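Notes to accompany the following structure.
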Amino acid sequence: MNKDLKDMTSEELERVVVGLGQKKYLAGYLFKFIHAQGGRDLSAISTLSKAFRSQLAEQGYFISQLKVVDRLTDPDGSAKYLFELADGERIESVLLPDEDRATLCVSTQAGCPMGCAFCATAKIPFRRNLTAGEIVDQVYVAAASLVARHSSLDAQETTRHEVDGRITNIVYMGMGEPLLNYDAVLRSIRILNYSSGRNIGIRHITISTCGIAPAIRQLAREEIRPRLAISLGAPSDALRDRLMPVNRKHPIDELLGAVRTYQAGTGQRVTFEYVLIDKVNDTVNHAKLLVKLLRGLMSNVNLIEHNPFSGCGFTGSSRERIQRFADTLKGAGVETTIRFRMGRGIQAACGQLQAGYKERCDLEK
Ligand code: SF4
């Protein structure tokens, strides 16, 4: 049994507390200390008796914490955190602030087994799934650093989320495929969503998947249903097979069927992310095929310029090609947004996370 208290839902904490012969309501103090206040030291929970704190420690219970190895900031305001896990594995998270929100892109796996051709993370062999405690702690560390940043700036330079240290939005889009770590991801979402914890609204939490169709259908049956984003990358099976090996197992038809199921159960609009690679998937014909695919789906498309890395063999599409692709989608009535790259100067942009592993390829600056 994992005795990391940060990894437990509110109900699980209650079971632990009652199992130790203590009053159930004390679990609420424990949960609040760990998840609302970001408490990391069991001995510092002043709302619990010293005897109970000692009992927890004697029984092997602890509060895990990620070690921050590095924090890089980009002039565009984004920040990248490099974390070391207890077993020495490494992951990264990216904070993307703007005026009215602070979005954290969290990792769910150390390495990634999915092999998407346009993604530098795919160069890191899969190590292991993260625990829910390791996922939520990425949020707590980033939130604490927002507060710390605020204290070093004058009032005019700060934005609202920096003042209150709140991460307002979470995207499961960092290193790893979240739906391959299904249980821990769902558990972490429940923990982040609790009103007595960070109270992050479910509509502000997005799972981004490369297309694990059976897991999308499973997600549609959950009582807690976050927003869904699909990394599509190609409008045909032939091209998607080449760019995203997951497509050989779950082709586009099956994927869109699962998306329809999710949409029928949630009534939610689904976002399709489309990384634009020069002369590979960015022609007007590709855009027209994409329009056909999305017909009948409540969706919007985010176009993302590919972030090249040496050895990947691709370059990002030019602004003109991106605009032409966007115009074709918009002309056909598809809601489309061009996502300008944030964090590229610190290798924190989409598809650039490598967590400093020695297998890393040299990212182009
Ligand atoms: S895009 Fe996502 S799923 Fe694909 S290799 Fe990169 S991290 Fe893994």
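Worth a mention:
- Note on the stretch 189-198: residues that are out of contact with any Lys or Arg (no Cβ under 9 Å at 6 or more places or on another chain) and touching a residue at least 60 places away in the same chain (Cβ under 8 Å) amount to 2.
- When residues of the stretch 2-49 are limited to those that are among the hydroxyl-bearing types (S, T, Y) and free of Cβ contacts under 8 Å to residues at least 60 places away in the same chain, the one farthest from G133 (Cα to Cα): S49
- One residue from R225, R242, R221, R217 being in the same structural domain as R339 (by TED's automatic domain parsing), of a type in the set (D, E, K, R) and in contact (Cβ under 8 Å) with a residue 60 or more places away in the chain: R242
- The stretch 121-135 residues that are under 15 Å from Y172 (Cβ atoms), paired with ones that are surrounded by 22 or more Cβ atoms within 10 Å (Cβ to Cβ) and among the β-branched types (V, I, T) (beta carbon under 6 Å, 6 or more apart): L130/T108; I135/V106
- Complete set of residues in the stretch 185-201 that are assigned to a helix (DSSP H, G or I) and away from the ligand (no atom under 16 Å from the Cβ): L186, R187, S188, I189, R190, I191, L192, N193
- Subset of the stretch 202-217 [within 13 Å of the ligand (Cβ to nearest atom), out of contact with any Phe, Trp or Tyr (no Cβ under 7 Å at 6 or more places or on another chain) and β-branched (V, I, T)]: T209, I212
Quick grid of which residues meet (1) among the aromatic types (F, W, Y); (2) over 25 Å from I189 (Cβ atoms); (3) touching a Phe, Trp or Tyr at 6+ places or on another chain (Cβ under 6 Å):
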{"site": "T9", "(1), (2), (3)": "no, no, no"}
{"site": "E14", "(1), (2), (3)": "no, no, no"}
{"site": "L20", "(1), (2), (3)": "no, yes, no"}
{"site": "Y29", "(1), (2), (3)": "yes, no, no"}
{"site": "A36", "(1), (2), (3)": "no, no, no"}
{"site": "G60", "(1), (2), (3)": "no, yes, no"}
{"site": "D76", "(1), (2), (3)": "no, yes, no"}
{"site": "A86", "(1), (2), (3)": "no, no, no"}
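- Matching residues in the stretch 293-312 - criterion: being without any contact (Cβ under 8 Å) to a residue 40 or more places away in the chain and surrounded by fewer than 15 Cβ atoms within 10 Å (Cβ to Cβ): R295, G296, M298
- Of all residues making up the stretch 105-136, the number that are in contact with a helix residue (DSSP H, G or I) (Cβ under 7 Å, 6 or more places away or on another chain), within 9 Å of the ligand (Cβ to nearest atom) and among the hydrophobic types (A, V, I, L, M, F, W, C): 5
- For the stretch 307-325, a residue qualifies if it is assigned to a loop (DSSP other than H, G, I, E, B), in contact with a Leu (Cβ under 8 Å, 6 or more places away or on another chain) and at pLDDT 90 or above, and exactly one does: S317.
The values are calculated or read from the model by the stated rules, or taken from the named source; none is laboratory data. Everything numeric in this text was worked out from a predicted model, so none of it was measured. Cβ atoms come from the backbone with ideal geometry, glycine included; neighbour counts cover every protein chain shown.
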